[in-house]
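Reading through the structure tokens given below for one structure.
Where a number appears in this text, it was derived from the coordinates with a stated rule and is not lab data. No experiment lies behind these values; they were computed from the predicted model shown. All Cβ positions, glycine included, derive from the backbone under ideal geometry; neighbour counts span all protein chains shown.
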Amino acid sequence: MSASGGNRAIIAALLANTGIAITKFIAWLFSGSSSMLAESVHSVADAGNQLLLLRGGKLARRKATPEHPFGFGRERYVYAFVVAIILFSVGGMFSIYEGVNKLQHPHPLNVPWLPVLVLVIAILLESFSLRTAVIESNRVRGKQTWVQFVRRAKSPELPVVLLEDIAALLGLVFALMGVGLTIITGNSLFDALGTIAIGALLIVVAIILGIETKSLLVGEGAGADDAAKIRDAINADPDVEALIHMKTLYLGPDELLVAAKIAFASKTRLSDVATAINAVEARVRAAVPVARVIYLEPDVFAAPGHGNPPTDAIVIKAAD
């Protein structure tokens, strides 16, 4: 994912949520609707989350230091995980608390038309934000389904914004239903139930975000397609007898580490090995551009069980 594409989606969501939060708070102050208060807090949390994502992206661009020799690319994962925590605690738990409180202490709505108007406007603004996120995601997701894109994306920003915007739209629909049924029936129970539904929705989304971001924080390797391209690029070198084993790890969304042990003929000169390794590195980077950090260990191939671990090679070349 391009940083500019992710930033466009984040900024669009930030502007939308800031404007929506202000109007929702105004509507809550005049109407007393618990659904409006829950949605107000939800929008504030979302706006804060977008600021965190922008902050994480900025910190991730810092240059490597002796203390952090592989750079700060994973800052983006850390801030995305913090977003999930905020969405769960500030958004979800507060909304459920407010809904339960409204069940215990019901009160009628004041100025009932105002929250309906604000919610309709908010739905339009959130739709614009979601449209931007969808357009930017379509540029990079390729043939993946939306579920695959959210689960496999190495850049956390677009999946986070997508899920937040979808949750925001569904939350607005729940709030509109709760307020609308309260106006129609005169029973504030529906407003309280709408608030609880918003909280439950936010908790579910936060858990999904937390699970996916945790996987990135722990460390993910290259996807199957990229791993195959790397193996093919290594095995394509005429001087490489076999790829003995290989490991990959994303240091950040745009930086992949590749470590591999590759076999050369036992009588190959050291200078030729060095030349071949440089050629293999260039071929790997051409095949998978995000493979920026590559460590290749030369070895002499032996059958599995005779000094080398099981081979990861797709093609073990026969001797000429």
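Results, tabulated for the structure shown:
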{"item": "Residue among Asp254, Asp225, Asp299 with the largest mean-square fluctuation in a Gaussian network model of the chain, springs linking Cα atoms under 10 Å", "result": "Asp225"}
{"item": "Sorted by Cβ density within 10 Å, fewest first, the residues His105, His68", "result": "His105, His68"}
{"item": "Val100-Ser215 pseudo-label distance in nm [points 7 Å out on the Cα-to-Cβ vector]", "result": "3.2 nm"}
{"item": "Nearest-20 debye value, the chain charge dipole, Cβ charges on Lys, Arg, Asp, Glu", "result": "320 debye"}
{"item": "Within-15-Å neighbourhood charge of Ile207 [Cβ basis; K, R +1; D, E -1]", "result": "0"}
{"item": "Amide H contacts under 5 Å for Arg292, placed H, 5+ residues apart", "result": "Leu256"}
{"item": "Where labels lie 7 Å past Cα in the beta-carbon direction, separation of Val293 and Ala259 in nm", "result": "1.0 nm"}
{"item": "Relative contact order, percent, segment 3-218 [alpha-carbon distance under 8 Å, six or more residues apart]", "result": "32 percent"}
{"item": "Formal net charge of residues neighbouring Ala192 (Cβ-Cβ distance under 12 Å; K, R +1; D, E -1)", "result": "-1"}
{"item": "Whether segment 224-299 is rounded, prolate or oblate, judged on the alpha carbon gyration tensor where a/c under 1.5 counts as rounded", "result": "prolate"}
{"item": "Residue order, fewest to most beta carbons within 10 Å, for Leu119, Leu162", "result": "Leu162, Leu119"}
{"item": "Spin-label model distance (nm) - Val300 vs Arg131, 7 Å beyond Cα toward Cβ", "result": "6.7 nm"}
{"item": "In range of the label at Gln144: residues from segment 207-240 whose backbone nitrogen is under 20 Å from the point 7 Å along Cα→Cβ", "result": "207-231"}
{"item": "For segment 82-232, with +1 on Lys and Arg beta carbons and -1 on Asp and Glu, the positive-most of Leu189, Leu103, Ser137 along the dipole", "result": "Ser137"}
{"item": "Footprinting exposure proxy for Met177, Met246, Met36 (fewest neighbouring C-beta atoms within 10 Å first)", "result": "Met177, Met246, Met36"}
{"item": "Reachable lysines, given that their alpha-carbon falls under 27 Å from the alpha-carbon of Lys143 and they are not under 8 places away in the same chain", "result": "Lys154, Lys214, Lys229, Lys247"}
{"item": "Theoretical gain in end-to-end length, Ser266 to Lys63 [0.36 nm per residue, Cα-Cα removed]", "result": "69.1 nm"}
{"item": "Stretch in the chain that is longest and holds no trypsin sites (Lys or Arg not before Pro) that DSSP places in a loop and that have at most 11 other beta carbons within 10 Å", "result": "144-266"}
{"item": "Whether segment 9-147 is rounded, prolate or oblate, judged on the alpha carbon gyration tensor where a/c under 1.5 counts as rounded", "result": "prolate"}
